[in-house]
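See structure below.
Each reported figure results from applying straightforward, stated rules to the coordinates on display, with no laboratory input. All values derive from a computational prediction rather than experimental measurement. Backbone-built Cβ (ideal geometry, glycine too); neighbour counts: all protein chains shown.
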Amino acid sequence: MSRLEAKKPSLFISDPLTKDAVSQSLSLLNRILKSCYGPAGRLKQLHNGVGGYVCITSQSSAILGRLSVSHPVLKVLTASVQNHVARFSDCGLFTAILCCSLIENFKSLPVPSCTVIKISKDLLSLCTDYLKSEACGCRVSVDFSNLKTLLCLVRSVLTSKPACMLNATEVDHLTMLIVKAFMFTIPCHVETKAVLGKCVTVPVKGRRVLDSTVLPGLLIETPEIQFAKLLSVKRISSDAIKIALFCVSMSGDLFNPEEGMITVHHGISLEMSELNQLLNVGKQLVNDEVGLVVCQKVIHPSLKQYLKENQVMVVDRAGLSVMEPLSQMTGSKPIASIHSFSPSCYGSLKDVCTKSFGSKHFVHLIPNDTVVCSLVLCNRNETTWDELKRACETAEHVLQLTIKEPLALLGGGCTESHLASYIRYKTCSLSTSSFKDADYSQTQYQLIADAFCSSLESVACSLSHDDEILTDTVYGHCWLVPSGFPSVSNWSDLLSKCGCGINSNTQNLNWRLLRPHFGSPTPQSCPEEPSVKAADLLTLDCFAAKYSGLQVAVETANLILDLKCIIEDQN
Amino acid sequence: MAFRDVNSRRHIGLQQLSSLASAGRTLLGPMKSCKFVVDESTNQSMLICSAVRLIESLDLSSAAGQLLNETIQAQNKEFKTGMSTLLFLVGAWSNAVLECLQQNVPVSAIVSVMSEGLNSCCEKVQCLQISVHDVNKELCSSSVRPNTSSSKTYEVACDGFLNPQIFLCLQKEVSPSKELVPRNSCSHQEADSNLNKGLVSPLADCKQKRLTHSRYFSALATSPSSSQLDDSQVCLSGQSAHPCECYGLGHLARALSHGNEPNMKLLKSIVAYQHERAECSGSNQFNIAEVVTCCLPGLPESYSCICPGFVTLVSPEQAAVIKHLGDKPLRILLTEGDLTEAYRHLGFTKPRNIRTVLERPDLQEGRPGDVWLNTSLDILTRSQVSLVLVKGHVCENLLERCVANKILVVGSVPQKVLSAFGEASGAQPVTYLTQLSASCVGSGAQLELWTASDGRAMDLGELVPVRIRVRGLTLLTAVLTTAVPAKMQLVEDRFWTLVYRLHHALRDGKVFLGGGAVELLCLSHSQALAKQTLKLANKKPVKEFHGPWLAASSAEYKPVVLQALASGWSQYLAAVMCNTAKATSLFEAQTLIEHHLKKAADCGSPSAYVLKEFQTGGMFQGGPVPSTGSAEGCRVYDNVTAKTEAWRRALDLVLLVLQTDAEIISGPQTNQLLNSPASSEFMFL
């Protein structure tokens, strides 16, 4: 008999943003995320409090993935940032900090939220139009015939993740590897539709970062005993090995064992009949002159023994992650049944050999046409390895996004401060006549624009954790000075380069402290585009990721500001 | 979800690291003080002297503790040595960094200056690396002693010591503190034995005469004249073309042993065995994969030895089988996984929804388990297998039946043993007995009971050591003994540490000058860097790795931070000196170090000074006891990669924790945290 319980009434919360608890949680979240930002960002220890695995990170993907927020407002915010990160990998913290700052700044204004939303949409399109325009002073175009910009993009991603614990040599080494791996994934012969290959990360934890390497083809880990016994492989020609790829378990356990009850007569062994079926598969493989069998799951020891006796190399427990690249690389179709399969499923490989890294042994599958490669990634311990893996994947994704849209934005806070000063200049130069038809006043517009710009600037300021941030009035870039110094009139003694590294301190650029408070002085002119655009060690950000981040942040902030009530189902 | 700030000035994480690391102070250097670990629930106790075992026994519920554990385990997995150094430096640098924070040095400056400082030091100490080849040449040539019965190469290599009397007198002079116990005085030349008698300590009256401590005399133990030794258990048999019979590695082993004398001897015999085999097969000279250990608590430590083959413990009933089988060559089977009825290979899920229907009960068939037992036994007897090595567990009933059928089944055999037997006997490992075919079975295995060198009977309670061999088997077992069972783990740990040190030295192809030489140079170098930056402090900051973001801030704080880095090595050296009784107090040690630093600075080139000191055996002579003169007598070397990696891991950990400003605790304990006394520290999202 089931027990019935009366339904609890739903909880209705009106104007959630005015509640203290929400503001506090929001500002705490903002504080956490701001403190993580940039190459000098502070790290967070994420753990379960009972002695489990400790994750040390400053990356939004790791933090937001493990952060369990309770309030619906925060849930909306984190969900949209996570969605952005899932699509672009990079600029998660930028998005989240900008969104939090926008909400905090807009909320405090004496302007109705519908007006705020309308104006901020305007400002957003002002930004996006500028970023997309040729005149944009904070972007550089990426030249794929020259590695420099690509290396800068990757280096900026790696150096912005301090928990990877890399030194300069290690950053250079990994930067080269990631770009090399990316090059491997670009197909040599492009037909109508180019599809990028895949780079599979092979974990080798406990070793030095400098031991990391990139190999064309795939590496599949294999236990030692098998490693010692890899026989010479049966080939169909000097540079072709026939390969069969199974994605179904070949361990000999019964098909679909969870449903219903099976009754068998004593003396009949289902296990034996299953094994016989497997051995039939083995016979077919041997007859078809297959040289290598790779199974995603486990292969029954008897089948393995049979195949080995017939000079067929066996690799089992390959795992799901290599299935897709393996199928792409060899042209084989994963076989999903042990009862019937056609020889058309087989693919081919150029060669097979073995490789060892530390105590791990691998079978190295070498394809004819390299679009798949393996990044053997090493770092000294588990925590830093995990962080490095996330960083490398982000860097690879950034390169993929950049090949679609060959642009990059100046990093180190310069894009944000440049954009802010551009918006300030544009909004100040609007004439009163342009507000005639609008349903808001010029004052309201100015207020919102100011809040919008200081939100952008506060993202740039988050890059500094011990130091002061300055901005120049010529280019609108970010500059950094140590905080210990008494306020000096002549900043140029202390400054060497701006945040992105494109401008050096050669002329008086009329610096001022950058503080994200309201009422910054109005720029007299539109911020300029730096004259030289080819410095060697630029800090660059992914264009697509930042562009989307900006949109996501503004739209999410608008959505949250628009919240009038929350109805919570308490059952 | 809870969130806690880590107070930046008095950084909680760094304090935790520092207090955890302080427990490992006495584990540093060649003279370690052991620790007793007592399990309060069982009242069992264990002696430990390595950082790994210490960390295993500490309460590591804090996040910093977890990270420390992870770091030490990672170093242990990769190198098996350097963990105590790592632990110590974690503590020393945590304290130094805390002091920097007290002086308001920004975190980013500490991070960038310290990691750059360590890089610079690692580059600097490259001049103290010496190739293994050169070490061997130097050590071997300096160790050769005259021996009238030996080959000509001896005389060529040692013409400086043509007169044995002079040579031995010299020794008497240089190492008076060492006890020299001749192994078998009558087997040596007259001059030797006379002199030895003069040096003999009271221990010489013991029946078990051995040479200890002096590597001049240890050469005797391996010389062809001591032929009374059982050739299976002591260092070598036969003569070699090498001038000093260390097979190129024995002296290196000694220099890496850091005073770990008993294990050094074991290592030397491994080297000798493997050298002998390498000469026949041309394979690697030193292969760590071919060494396993067998621990026999209850026997005095002097019974430790190296045995070719696989030594393991079996029950007395099984030992009886061995007596029955005699020394006939036997057929051998290797199985992966367990040898039980229920065992299925990994990845096999047993169906739970199968019901077996029995139509006509057959009373003669007996219990269901018997079918498997009978079949298994039948398979084994039909293929005439007498020895089964099993990777996993073995079913008790099968074990009994096998004993009754004169088949020896040994369970829990390590993978590398299986591989070695597979290679030597031609056996192919199987997972199930039903897979067995003629080609899977190997042959030529030999069984015998293991006996100590003096034939002393083993009284190890319920278990009997046996030795399994196959012709061509490359496997060596280090039989480790100790009369104190609580020390067993410690003995095994120390053995592996030394084995791995030699392994890494050969893999690196080079070694560091040891005994603190490297650390002293690091100390002097980081102090020199600090002075340099002081001079440059007012100049314009140079652009550095972290870009404009960190360059500016770090220049000002560089001297302070580099001093903090230096203090790690200074404390390290002082602790080692205190542990080895080279200094009676930390203060005295510091004074001594200051003295050397000053001399190094005065000399103009600190690296030249350190090299000279090492050559003349001034500050860095090794061995537990400080002795005068004879630098060569106790040269000490260290691993290169293991050491620099330990430094790097220690610093990385400290900097990682330093850069952490908050803990985020996820999971269902939010309510517990809310009610805990520390709840005020937390914020909730």
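The table below gives the values:
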| item | result |
| --- | --- |
| Nearest 10 degrees, 0 to 90: helix A:92-107 Cα axis against chain A principal axis | 40 |
| Karplus-derived 3J(HN,Hα), 6.51/-1.76/1.60, for each residue of the range B:344-357, Hz, glycine and proline x | 10, 4, 4, x, 9, 9, 6, x, 9, 10, 10, 10, 9, 9 |
| Aspartates and glutamates with Cα under 12 Å of B:Lys599, excluding same-chain neighbours fewer than 8 positions away | B:Glu613 |
| Shape call, the range B:1-62: gyration tensor on alpha carbons, a/c limit 1.5 | oblate |
| Protection proxy ranking, peptides A:15-25, B:646-656, B:46-56, average beta carbon neighbours within 10 Å, highest first | B:646-656, B:46-56, A:15-25 |
| Calculated FRET efficiency for the pair B:Glu279/A:Ser237, C-beta based, R₀ 45 Å, to 0.05 | 0.60 |
| Most to least packed among B:316-326, B:73-83 [average Cβ atoms within 10 Å] | B:73-83, B:316-326 |
| Rounded, prolate or oblate (a/c below 1.5 giving rounded, otherwise prolate when a/b exceeds b/c) for the range A:11-160 by Cα gyration tensor | oblate |
| Of A:Lys355/A:Lys389; B:Lys77/B:Lys612; A:Lys234/B:Lys77; A:Lys75/A:Lys118; A:Lys161/B:Lys510, those spanning more than 26 Å from alpha-carbon to alpha-carbon | B:Lys77/B:Lys612; A:Lys234/B:Lys77; A:Lys161/B:Lys510 |
| Anisotropy class of the range B:395-507 from Cα gyration tensor, a/c 1.5 cut | oblate |
| For A:His339, B:His393, B:His251, order by how many other beta-carbon atoms lie within 10 Å, fewest first | A:His339, B:His393, B:His251 |
| Gap separating the Cα centres of the range A:379-411 and the range B:25-44, nearest whole Å | 45 |
| Folded to 0 to 90 degrees: helix A:113-132 orientation relative to chain A principal axis, Cα | 70 |
| In degrees, nearest ten, helix A:382-404 long axis to first principal axis of chain A (Cα) | 80 |
| Peptide A:306-313 - average C-beta neighbours from other chains (10 Å radius) | 1 |
